[in-house]
1. Tell me yes or no: at least one residue of the range 324-337 is within 30 Å of residue 187 (Cβ to Cβ), open to solvent by less than 20 Å² (accessible area, probe 1.4 Å) and assigned to a loop (DSSP other than H, G, I, E, B).
2. Does residue 323 qualify as being hydroxyl-bearing (Ser, Thr, Tyr) and touching a residue at least 12 places away in the same chain (Cβ under 8 Å)?
3. Please pick out the residue among 154, 208, 217 that is among the β-branched types (Val, Ile, Thr), in a helix (DSSP H, G or I) and either open to solvent by 40 Å² or more (accessible area, probe 1.4 Å) or within 15 Å of the ligand (Cβ to nearest atom) (or both).
4. Which condition from (1) within 16 Å of the ligand (Cβ to nearest atom); (2) open to solvent by less than 10 Å² (accessible area, probe 1.4 Å); (3) farther than 26 Å from residue 371 by Cβ is the one that residue 24 breaks?
5. Pairs, please: C-beta under 7 Å, at least 6 apart or cross-chain, first residue more than 11 Å from residue 337 (Cα to Cα) and in the range 130-159, second within 16 Å of the ligand (Cβ to nearest atom) and part of a loop (DSSP other than H, G, I, E, B)?
6. Out of 319, 307, 373, 294, which single residue is surrounded by fewer than 19 Cβ atoms within 10 Å (Cβ to Cβ) and under 30 Å from residue 40 (Cα atoms)?
7. Can you tell me which condition residue 206 does not meet? The list is (1) touching a residue at least 60 places away in the same chain (Cβ under 8 Å); (2) out of contact with any Pro (no Cβ under 7 Å at 6 or more places or on another chain), and all the others hold.
8. Consider the range 189-203. How many of its residues are open to solvent by 10 Å² or more (accessible area, probe 1.4 Å), within 14 Å of the ligand (Cβ to nearest atom) and of a type outside the set (Ser, Thr, Tyr)?
Amino acid sequence: MTDDTSPTEPTLGIGMVGYAFMGTAHSQAWRNAVSYFDVPRPPRLTAIAGRNHDAVRAAGAKFGWQHVETDWRALIARDDVDLVDVCTPGDTHAEIAIAALQAGKHVLCEKPLANTVAEAEEMAAAAAAARSRGVRSMVGFTYRRVPAIGLARTLVAEGRIGEVRHVRAQYLQDWLVDPNAPMSWRLDKDKAGSGSLGDIGAHIVDLTQYITGDRLTGVSAMVETFVPRRPQAEPSAGSGSKLGGHVDAGRDVAMGEVTVDDAAVFLGRFGGGALATFEATRYATGRKNAIRIEINGSTGSLAFDFEDMNLLHFYDGTEPAATAGFRRIVVTEPEHPYVAAWWPPGHLLGYEHGFTHQAVDLVTAIAEGRDPEPSFEDGLQIQRVLAAVEQSAAKDSIWTPVAG
Ligand code: SOE
């Protein structure tokens, strides 16, 4: 007997806009979703869009996309595309996502949702209107889908650390420490909306709200741009990865102006009364992708660091003092969120798995007629937090000079 392996259930045609760092991660996720999880509507890598034909064709071939478009409007118009995945810089999120929702396509949009609160409000309104027609939308705060983060949320919800008093969150990278790292869209306010604040600070706002099940009600902030001008050039060969890089000082290159924050530090207060500190920077020399979160409750504490992302540290203050201590939980058991689909205990997961979990959750919600989370409304709320941080920093509202 001969047979083929095509799915028997209806598939979900994916159309992706963008093919850089996030496009790469999402392509892998759409492919892996069917390989490791039983998804009710298997995603199909239908079409990928980008402006440069040769580059998008090469990316499409490499990542396994069936068709290539050089105009995102043509991608949205395709009958075989059911979901539009927006992996472009922030300045195009609103236009693409709203057009897709109005055309009846489900949308996954990279974080932060938009560059401004006004754009995010329009996107949330478009998502609400589309929802009434059964069209779903989600914003890509992918670190929520790290199993240790899911476990942390469960422990807080079960009351295992009691009442949350302190939230301590840092997102630390160092790809701009080198003053000769080149300009990129991430350093241009018109393209990115903000710098470290929106790019990585948004993640820790989402994560802390997700873990605690609570929301920030106010902030007090300072931001800084340490290196205001950078070479406007491609990084020298072999000097960099997908982020950063280095332009040889000897090269005669034009300089560009950095128009975003390099670092943002702020205090926050949660609705339930917890006090919080946040730090987002691309200048934490030696820290590559450290997302550090510690939550102290009335009866226990939790601590996580993405650079050791398979671990969750849990202190249970109800245990006898003589033996209580931070317990190191290796979050690779089948009982832990998402893990059963992967490997036996102790066979670790990485950065890319969160994107697969995100794809699986979204496709499952669509197939089951549910709203996925985080919604565009959730993305709007985070955008409001980012705006409040910028407003506070602009006013220097907490700044009291030291006398003398
Ligand atoms: C760059 O800082 C970046 O790629 C972010 O844009 C991502 O959201 C984060 O996952 C990794 O770092």
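1. Residues of the range 324-337 within 30 Å of residue 187 (Cβ to Cβ): none.
No: zero hits.
2. no
3. On the way: 208 fails: either open to solvent by 40 Å² or more (accessible area, probe 1.4 Å) or within 15 Å of the ligand (Cβ to nearest atom) (or both); 217 fails: in a helix (DSSP H, G or I).
Only one candidate qualifies: 154.
4. That leaves (2) as the condition not met.
5. 138/374; 139/111; 139/113; 139/374; 140/111; 141/111; 141/374
6. Values: 319 fails: under 30 Å from residue 40 (Cα atoms); 307 fails: under 30 Å from residue 40 (Cα atoms); 294 fails: under 30 Å from residue 40 (Cα atoms).
Going through 319, 307, 373, 294 in turn, just one is surrounded by fewer than 19 Cβ atoms within 10 Å (Cβ to Cβ) and under 30 Å from residue 40 (Cα atoms): 373.
7. Residue 206 satisfies all of (1) touching a residue at least 60 places away in the same chain (Cβ under 8 Å); (2) out of contact with any Pro (no Cβ under 7 Å at 6 or more places or on another chain) except (2).
8. Step one: filter the range 189-203 for residues open to solvent by 10 Å² or more (accessible area, probe 1.4 Å), giving 189-192, 194, 199, 203.
Narrowing the set further to residues that are within 14 Å of the ligand (Cβ to nearest atom) leaves 191-192, 194, 199, 203.
Remaining after also requiring of a type outside the set (Ser, Thr, Tyr): 191-192, 199, 203.
Selection size over the range 189-203: 4.
The values are calculated or read from the model by the stated rules, or taken from the named source; none is laboratory data. Not measured: the values here are computed from a predicted model. Backbone-built Cβ (ideal geometry, glycine too); neighbour counts: all protein chains shown. These accessible areas exclude ligands, DNA and RNA; they are computed on the full protein's heavy atoms, side chains included. Shrake-Rupley method; radii C 1.70, N 1.55, O 1.52, S 1.80 Å.
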